[in-house]
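Working notes, structure below.
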Amino acid sequence: MASLDPRSIATGSLVGTLPWLAGYAITYLLVAPNLRESPLTRIIETLDGAPATHELVGWVFYNAHFVDVVLDIPVLGSQTTAYIGGDTGFTAALYLVPVVLLIAAGALIARQQAATDPTAGGVAGLTLLPGYLLLTVVGGLLFEITVGGATGGPDLTAAVILAGVIYPAVFAGVGGAGWAVFETNR
């Protein structure tokens with residue numbers, strides 16, 4: 001079993017930021033053109049005076065982790081929403097973006113740590129969690145929009161639990177264990 005020394009954890013944490021950043025970038029490339037022209041973006045830009053495309057892309061990226069967006073509008077109350085799937089949403093294929101990137105990153109770190117059995121590979125994949133969690137929390141805060149008394153942004157509790165912990169633990173762990181099995185059977 002590969003040792004879990006501070007250097008391995010630091011390397012894994014750094015590598016853990018890569019699938020988050022790549023996932024946001026891919027989501028941006030796929031949905032930003034449509035969001036720039038959306039009525040919601042125009043309303044926010046009119047009221048706030050600043051472009052909101054990167055925040056709205058963040059909302060879709062969090063939706064790809066099954067994290068809803070919470071809209072709190074004083075007159076209408078609070079509601080949750082998602083922008084992926086359905087008749088008016090973006091393609092459900094966006095759900096695969098974080099999954100595929102985390103599996104690949106888990107395999108990469110297991111390879112880098114020379115994991116030779118599935119347990120060691122899974123543990124190596126788990127070292128991605130701190131980096132992915134950190135960017136999930138920071139992104140959740142950065143992607144909040146406040147216009148007048150209304151606010152909107154990813155549900156931070158769900159973001160931490162689902163996007164920050166469960167997704168990297170499961171998918172990077174699977175990627176790491178899968179790499180170790182592949183290496184053992186090669």
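The values are calculated or read from the model by the stated rules, or taken from the named source; none is laboratory data. Note that the structure is predicted; figures quoted are calculated from it, not measured. Note that each Cβ is placed from the backbone with ideal geometry, even for glycine, and that neighbours are counted across all protein chains shown. Areas reflect the complete protein model, heavy atoms only, side chains present, ligands, DNA and RNA absent. Shrake-Rupley method; radii C 1.70, N 1.55, O 1.52, S 1.80 Å.
Scoring residue 128 on the criteria (1) closer than 21 Å to residue 54 by Cα; (2) in contact with a Pro (Cβ under 8 Å, 6 or more places away or on another chain) leaves a single failure, condition (1).
May I ask you to list the residues in region 148-166 that are open to solvent by less than 70 Å² (accessible area, probe 1.4 Å) and part of a helix (DSSP H, G or I)? Show your work before the answer.
Step one: filter region 148-166 for residues open to solvent by less than 70 Å² (accessible area, probe 1.4 Å), giving 149-156, 158-160, 162-165.
Within region 148-166, 156, 158, 159, 160, 162, 163, 164, 165 qualify.
Can you find a residue that is surrounded by fewer than 17 Cβ atoms within 10 Å (Cβ to Cβ), modelled with pLDDT under 95 and out of contact with any Ser or Thr (no Cβ under 7 Å at 6 or more places or on another chain) anywhere in region 134-147? Taking every residue of region 134-147 in turn, at least one turns out to be surrounded by fewer than 17 Cβ atoms within 10 Å (Cβ to Cβ), modelled with pLDDT under 95 and out of contact with any Ser or Thr (no Cβ under 7 Å at 6 or more places or on another chain). The residue that is modelled with the highest pLDDT, counting only those in region 80-94 that are surrounded by fewer than 16 Cβ atoms within 10 Å (Cβ to Cβ) and at negative phi, is 93. Name the residue, out of 76, 71, 162, that is out of contact with any Lys or Arg (no Cβ under 6 Å at 6 or more places or on another chain) and either within 23 Å of residue 18 (Cα to Cα) or modelled with pLDDT of 95 or more (or both). Among 76, 71, 162, only 162 is out of contact with any Lys or Arg (no Cβ under 6 Å at 6 or more places or on another chain) and either within 23 Å of residue 18 (Cα to Cα) or modelled with pLDDT of 95 or more (or both). Of all residues being buried (at least 21 other Cβ atoms within 10 Å of the Cβ) and over 16 Å from residue 82 (Cα atoms) in region 26-64, which is modelled with the highest pLDDT? Just the residue, please. Applying the filter and picking the extreme gives 52. For region 111-125, the tally of residues that are open to solvent by less than 10 Å² (accessible area, probe 1.4 Å), over 14 Å from residue 19 (Cβ atoms) and part of a helix (DSSP H, G or I) stands at 3. Here the condition is being touching a residue at least 40 places away in the same chain (Cβ under 8 Å) and not in a loop (DSSP other than H, G, I, E, B); of 132, 95, it holds for 132 alone.
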